[in-house]
Amino acid sequence: MGRVKGLGRRLLRDAVTIAGPQAWTITLSGNEVALSLYRSEGFIVTRTFDSDNAGYPCTVSRRQRQAPG
């Protein structure tokens, strides 16, 4: 099954509506599709750190919605 175009953006916008203006998320470095989506929706990197994903070492970034204005 292919990707449903725009689904991630719709879900992200709904989540931001619920979470409010201080919405934040953690992203895996290298996931360019997700990183592009978050950038286009006004999320900026506030912190980058080493972590693990299901036991596999990785680098992640905390992204927060940039305040309007």
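The values are calculated or read from the model by the stated rules, or taken from the named source; none is laboratory data. Predicted, not measured: the structure shown is a model, and the values here were computed from it. In this analysis, Cβ positions are derived from the backbone assuming ideal geometry, glycine residues included, and neighbour counts consider all displayed protein chains. We work out accessible area using only protein heavy atoms, side chains counted, and drop any ligands, DNA or RNA first. Shrake-Rupley method; radii C 1.70, N 1.55, O 1.52, S 1.80 Å.
Here are a few things to note about the model shown:
- Summing Cβ point charges (Lys, Arg +1; Asp, Glu -1) relative to the Cα centre of the chain gives a dipole of roughly 300 debye.
- Whole-Hz couplings from phi, Karplus 6.51/-1.76/1.60, listed for the stretch 7-24; x for Gly and Pro: 5, x, 5, 4, 5, 4, 5, 4, 5, 5, 4, 6, 6, x, x, 9, 4, 9
- Here each label is just a point 7 Å from Cα along the line to Cβ, and for S29 and F49 those points are 1.4 nm apart.
- For the chain, the list of trypsin sites (Lys or Arg not before Pro) that fall in a loop by DSSP and count at most 16 other C-beta atoms within 10 angstrom reads R3, K5.
- Nonlocal amide H pairs with S29, under 5 Å, H built at 1.01 Å: T59, V60, S61
- Based on C-alpha pairs under 8 angstrom that are at least 6 apart in sequence, the chain has a relative contact order of 33 percent.
- Expected 222 nm ellipticity per residue - DSSP helices of 4 or more, -39500 (n - 2.57), all of the chain, to 500: -9500 deg cm²/dmol
- Each principal axis of the Cα atoms in the chain has its own extent, and those three values, largest first, are 36, 34, 18 angstrom.
- The modelled label-to-label distance for the pair Q66/T17, using points 7 Å beyond Cα in the direction of Cβ, is 2.4 nm.
- Accessible surface of the chain, 1.4 Å probe, proportion on carbon and sulfur as whole %: 55
- Converting phi to 3J(HN,Hα) with the Karplus coefficients 6.51, -1.76 and 1.60 and the offset θ = phi - 60°, the stretch 29-35 yields 4, x, 8, 4, 5, 5, 4 Hz in sequence order, with x at every glycine or proline.
- Local electrostatic count at S61 - Lys and Arg +1, Asp and Glu -1, tallied over other residues with Cβ under 12 Å: +3
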